[in-house]
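Worksheet: the structure to be examined is printed underneath.
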Amino acid sequence: MSALEPLTAEQVYFSEKYTVQEAAEYLGVSRDTIMRWCKEGIFPNAHKTGPGQQSAWAVPKMDVAAYLEGVTGKPSGLGHEEEE
């Protein structure tokens, strides 16, 4: 899997994001798996949306796309402009 470059704080703030539930549904895994992957750095730009243990994770769509591309070897279409 190719390494994903961390984004600047501004890029993370303005990027489109999935909730944990949305990312889990899209990837066909459990919410626990997505949260574990966030903690393990699989999605390097994922971040907590607030302080404390109970705050939710926000997972940038480009992190999910990069993960899929690394796993499948094919672009996912997320965050990629269509080429003609």
Using the structure shown, decide if Pro51 is surrounded by fewer than 12 Cβ atoms within 10 Å (Cβ to Cβ) and at pLDDT 70 or above. yes
Please tell me if Leu4 is buried (at least 18 other Cβ atoms within 10 Å of the Cβ), part of a loop (DSSP other than H, G, I, E, B), at pLDDT below 75 and out of contact with any Pro (no Cβ under 8 Å at 6 or more places or on another chain). no
Residue, modelled with the lowest pLDDT, within the range 54-84, restricted to residues that are surrounded by fewer than 20 Cβ atoms within 10 Å (Cβ to Cβ), closer than 18 Å to Lys39 by Cα and not hydrophobic (A, V, I, L, M, F, W, C): Gln54
Please give the number of the condition Gly28 fails out of (1) surrounded by fewer than 13 Cβ atoms within 10 Å (Cβ to Cβ); (2) touching a helix residue (DSSP H, G or I) at 6+ places or on another chain (Cβ under 6 Å). (2)
Name the pairs: first residue in the range 63-74 and farther than 18 Å from Ala24 by Cβ, second residue surrounded by 17 or more Cβ atoms within 10 Å (Cβ to Cβ), Cβ to Cβ under 8 Å, at least 6 apart or on different chains? Glu69/Ser76; Lys74/Leu68
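The values are calculated or read from the model by the stated rules, or taken from the named source; none is laboratory data. Please read these numbers as outputs of a predicted model, since none were measured by experiment. No Cβ is skipped: glycine too gets one built from the backbone with ideal geometry, and neighbour counts run over all protein chains shown.
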